[in-house]
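What follows is a set of notes on a single structure, which appears directly below.
The values are calculated or read from the model by the stated rules, or taken from the named source; none is laboratory data. Note that the coordinates shown come from a computational prediction; the quantities given were computed from them, not determined experimentally. Ideal geometry is used to build each Cβ from the backbone, glycine not excepted, and the neighbour counts take in all protein chains shown. Protein only, heavy atoms only, side chains kept; ligands, DNA and RNA dropped before computing areas. Shrake-Rupley method; radii C 1.70, N 1.55, O 1.52, S 1.80 Å.
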Amino acid sequence: MIIDTASKYGARYSEARYQSDTYESILLKNGTPEMTTFDVRRGVAIRALVGGGLGFGATNIVTKRDLKTLVSRVLRLAKASSRIVKTPISMGEAEIGRGNVEVKSRIGFDAVSMESRIDLLKEADSAGVESAEAIGVKLPGRYISLDTLVTEKLLMTSDGARVQSTIPKVTVDAFLTAFEPQKGTVQRMFSLGESSGWESVEKWNLPERIKKEAQILGNILIAAKPMKGERLDVVLGPEVVGIISHESSGHPGEADRILGREAAQAGETYLGRDSIGMKVGSDVVNVVEDPTIPRSFGYYLYDDEGVKARRRYLIKQGRINEFLHNRETAHVFGVSSNASSRSVAYNREPIVRMANTFVEPGDHKLEELIEGIENGIYVKNFMEWNIDDRRFNQKYVGLEAYRIEKGQLKGLLRNPIIEITTTGLWSAVDAIGRDLEFSAASCGKGDPMQGIPVWTGGPHIRLRNVAIGGIS
Amino acid sequence: MKAEDICEFVLKICKNEGASDSVVTVAEIEETMIRFSNNEITVSNSLKDASAYIFVADRERKAGVGVADLSKKTLLTSARRAVASAKRAPPGDVYAPLPKGPFQYDQTALDQPKLEMEQRELVGFVESAIDAGLREGAQRMAGSLIARNSRVILRTTGDVIVSARSSSIEISVRAFLSSLASGHSTAIAASERDFKPEEVGAEAGRFAKASANPVDGEPGVYEAVLGPLVFSDLACQVGRSASAFNVDMGLSFLGGKIDQKIASDKFGLADDATLKGSYGAFPFDAEGMPTKRTAIIENGTLRSYLHNSSTAKKFGTESTANAGLMIPHPFNLVVEAGDKTLEDLIGSVDKGVYVTNDWYLRYQNYATGDFSVIPRDAMFLIKNGQIEKSIRELRISDNMLRILSNVSSLTRERKWVKWWEVEVPTLSPSVLIDNINFTKSSM
């Protein structure tokens, strides 16, 4: 009905998306449960192109009358926008899909009561507190949250896409503060997330994981030694490699940033339209973006414009290989969309997004990476990070980090600082591990902000001769 | 059903099912957004929503249910689910009954005039911002404009029955002279009358032009003049950290510091949802209490956290009417003004940096306040009281409490800021900080 009405009243392109997101959330703060929350957000989104202007509208009031009113408002918006559109917007050709995507849970969320979820978090919390206390450290400020989400979508476009999907997701976010009166505090945050049922939570073994995290955080507080700034070889763990892949390869390669579409919010990029083939890293660097990985947090097989998803190589052998496109940017660049259009909810327009971004594994064992270092550091994970809005000047501050001497791991280091340019970072990589691990994250972009589920990941990688800053 | 009837219906079910406390909120919203870049509109968005939220407590046991479908059947199921979930939930750490009304509210704040939201007029606002920036010398302009009318109806078992209409309009504009020379400005208002998009476009354009041909800055410790966009970001961090929930969870550098001197005498910060005609003003909090002004920091001393009933009970104090049903939050932050002009601040600096915007603030440790943030857009080196040149590629790597202690002077003139980076509307002056540590990528 929506598509037909939009076409009848002059839309050159239109799409309608019904989306329902069902959330169940629990939060344990300092060992005590906070509010149990259930939420359903569902409604209809409409996009239409009229006279080169693009209009988007959404509502959760889904009567026939309200939807017709919305179509007419979206068409008016698009028409009014076209008044100051000098370059008419078009949707490029793409491999449009028709299909049904359903991720089946082995253990459905309904099978696990909220009470037993809270019991699990309490067990994990107690395990963390006990393991910290065993080494003389308190955990005074902490939370563990567990959220499940089931997203159901039906997308139709005026040029033939028809995609239905049902995807469950589950995520755990944890925050720990370790405290010892003489040493002060250190803090750790981490996230796990997958597109699957409760079986992922069982696999994560939260009590054991929180116990280990609390123990190592306590050890960092007690034993980590400050270091002076110096040039060193560095091994980075998958968690650090993941955030780097996301921030320093994924974001700069988003075509809407290249066109300046995000300029006033998430920013632009150091890359330009002519940067395909540009050397940004050493030959061993391959960065991949792949929405189609089963169970991945950013999983999808068709994007929110109905385009069939595929693996993308953002950096291949150290050169920019491909940008992330939706149909609008693909048309401007004269290429086909590679299915990067995502929306986080019915009331958000689809924009260019990452899904699962990671460095492609190589062939080194972790021990080999470390053995090859005479004087260096191993940064396993991080707390503070940021990057400028051109995605060129970034900072990662290590949390769990070790000295490497003569190919051997030595004592813990306190907060080594990697403050480096994007090309400086990728160019310093000389070896890639054969392992592969992912972290879950919520990637922020858009206005209004759309925090969208992604995986960031990679293997361990080794960088040579990097300027490392120490604690001040 | 009408929103008022929904509230009554749901509250009755919750009571019948045995809840000790319930809150029902219905929110109706109409919003138009126009996004633009490269001097033209890229998309126009329209949103119309109505949804309900049901909060239920069985003393220390709490549950909340969001409802998108406002049919009687779904509301009934949702209310029953909320009560059943609360009854089954393990107990939380405190039970604080909902505030007992009825309360007196500021009647003028309950019914703000509606924005017309005529598309032609909104497009006109965008055009005037773009044109003003281009006239100042910018090459391209980007940003977003959001106009919103909303109505919130709230009813609680504390005998609160209240509703409020509010409206707001905001624009965030970034002007570019080149990809390395840019300026940013924002405006927020509760009505079209107070909304000046052309001034915002012009200011962004002037910053972009002034930041032409930037050179890499040198890392080091400098005196720094932080413009309102930057200082509002820091003030907003103080506001977020003042939420008692965040204090309790270790996500705050203000923990254990009530009545302690934590900042320069010259720094004062309040949350004030009662400020008439301002964007973030709102007559009641999520528990139905009439909002009020709460001094967070006075003359450099931490006076109060922000509380709802539960956190207040836990901390042994009174609610500050800043509920969030789970997490108390600031509504409308106000930094105390100084007595200087921007020229005074810059003129007093021998060697320093003037930062006009920042972006991407992240903590190494929320409890200590160790953090870094990236200056964005126009940034200048100051020498002998004069702006010497445009610089870039620096990062502020410092500590919140140290920066607050180093507040040296503030301007009389203040600006309301809210945009992508500053989530709570914040009225901020430009501020001179005695010294701030700037770092830089080294390869």
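A few comments on the model shown:
- Dipole-positive endmost among B:Ser168, B:Ser178, B:Ala190 within the stretch B:158-201 (Cβ charges, Cα centre): B:Ser178
- Whole-Å semi-axes of the ellipsoid equivalent to chain B (Cα gyration tensor, √5λ, descending): 41, 27, 17
- With θ taken as phi - 60° and the Karplus curve 6.51 cos²θ - 1.76 cosθ + 1.60 applied, the whole-hertz 3J(HN,Hα) list for the stretch A:97-103 is x, 9, x, 10, 10, 9, 8 Hz, x standing for glycine and proline.
- Stokes-Einstein diffusion for the stretch A:424-469 at 25 °C, viscosity 0.890 mPa s, with a Kirkwood radius from C-alpha pairs, works out to 188 µm²/s.
- The stretch A:41-100 - Rg over Rh from alpha carbon coordinates, Kirkwood radius: 1.06
- Helical runs (DSSP H, four residues minimum) scored at -39500 (n - 2.57) apiece and divided by the length of chain B put the mean residue ellipticity at 222 nm at -7000 deg cm²/dmol.
- Those residues of the stretch A:448-468 whose amide nitrogen sits under 18 Å from the label point placed on A:Asp363, 7 Å along Cα→Cβ: A:459-462
- Lysines whose Cα lies under 19 Å from that of A:Lys445, excluding same-chain neighbours fewer than 8 positions away: B:Lys418
- Checking the Cα-Cα distances for B:Lys100/B:Lys292; A:Lys203/A:Lys365; A:Lys104/B:Lys72 against a 28 Å cut-off, the pairs over it are A:Lys104/B:Lys72.
- Shown here: the stretch A:1-132, whose C-alpha atoms stretch 65, 33, 31 Å along the first, second and third principal axes, sorted largest to smallest.
- P(r) of the stretch B:70-140 over all Cα-Cα pairs, binned every 5 Å from zero, in whole percent: 3, 10, 7, 8, 8, 11, 11, 8, 8, 8, 9, 7, 1
- Cβ-derived FRET efficiency at R0 22 Å, B:Lys261 paired with B:Arg293, nearest 0.05: 0.55
- Counting only residues at least eight positions apart within a chain, or on another chain, the lysines with an alpha carbon under 23 Å from that of B:Lys383 are B:Lys209, B:Lys340, B:Lys351, B:Lys440.
- The calculated 222 nm mean residue ellipticity attributable to helices in chain A amounts to -6000 deg cm²/dmol, summing -39500 (n - 2.57) over DSSP H runs of n ≥ 4 and dividing by all residues.
- Burial of 40 Å² or greater, the stretch B:66-92 residues [accessible area, probe 1.4 Å, versus chain by itself]: B:Gly66, B:Ala68, B:Arg81, B:Arg88, B:Pro90
- Among B:Ser278, B:Ser243, B:Ser37, the largest mean-square fluctuation in a Gaussian network model of chain B, built with springs joining Cα atoms closer than 10 Å, belongs to B:Ser37.
- The phi torsions of the stretch B:297-311, fed into the Karplus equation with coefficients 6.51, -1.76 and 1.60 and a -60° offset, translate into couplings of 10, 10, 6, x, 9, 6, 9, 7, 8, 9, 10, 9, 5, 5, 5 Hz, rounded to whole numbers, with Gly and Pro shown as x.
- Charged neighbours of A:Glu289, selected by a Cβ distance under 11 Å, balance to 0 (K, R count +1; D, E count -1).
- Checking the Cα-Cα distances for A:Lys183/B:Lys314; A:Lys169/B:Lys87; B:Lys196/B:Lys276; A:Lys279/A:Lys406; B:Lys12/B:Lys73; A:Lys228/A:Lys395 against a 20 Å cut-off, the pairs over it are A:Lys183/B:Lys314; A:Lys169/B:Lys87; A:Lys279/A:Lys406.
- Charged neighbours of B:Pro375, selected by a Cβ distance under 15 Å, balance to -3 (K, R count +1; D, E count -1).
- Semi-axes of the equivalent ellipsoid for the stretch A:236-325, Cα gyration tensor, largest first, Å: 20, 19, 14
- Each residue of the stretch B:161-175 is assigned a 3J(HN,Hα), and the resulting list reads 9, 8, 9, 9, 9, 9, 9, 7, 9, 8, 9, 10, 10, 10, 10 Hz, derived from the Karplus form 6.51 cos²θ - 1.76 cosθ + 1.60 (θ = phi - 60°), x at Gly and Pro.
- Calculated diffusion of the protein assembly as shown, Stokes-Einstein form, Kirkwood radius summed over Cα pairs, 25 °C and 0.890 mPa s, µm²/s: 87
- Between B:Val24, B:Val215, B:Val373, the residue with the greatest mean-square fluctuation in the GNM of chain B (Cα pairs under 10 Å linked by springs) is B:Val215.
- Theoretical FRET efficiency, 1/(1+(r/R0)^6), r = Cβ-Cβ of A:Gln164 and A:Tyr23, R0 22 Å, to 0.05: 0.60
- Pairwise label distance in nanometres, A:Thr63 with B:Glu318, each label 7 Å out on the Cα-Cβ vector: 4.5
- Annotation: amide H of B:Asn406 within the under-5 Å range of B:Ser264, sequence separation 5 or more or interchain, hydrogens built in the peptide plane.
- Taking chain B as a Gaussian network of alpha-carbon nodes connected by springs under 10 Å, the highest mean-square fluctuation of the residues B:Phe195, B:Phe231, B:Phe284 belongs to B:Phe195.
- Net charge of Cβ neighbours under 14 Å - reference A:Glu367; Lys, Arg +1; Asp, Glu -1: 0
- Listing of the stretch B:406-443 residues, each with accessible area lower by at least 50 Å² in the full protein assembly than in the chain alone (probe 1.4 Å): B:Trp420, B:Ser441, B:Met443
- Farthest positive-ward along the stretch A:213-290 dipole, Cα basis, beta-carbon charges - from A:His251, A:Gln215, A:Gly272: A:Gln215
- Each of B:Lys114 and A:Glu374 was given a label point 7 Å from its Cα along the Cα-to-Cβ line. The distance between the two points is 7.6 nm.
- The eigenvalues of the Cα gyration tensor, multiplied by 5 and square-rooted, give the stretch B:38-117 an equivalent ellipsoid with semi-axes of 35, 21, 15 Å from largest to smallest.
- Estimated FRET transfer efficiency (B:Lys351, B:Ser71; beta-carbon r; R0 56 Å; 0.05): 0.25
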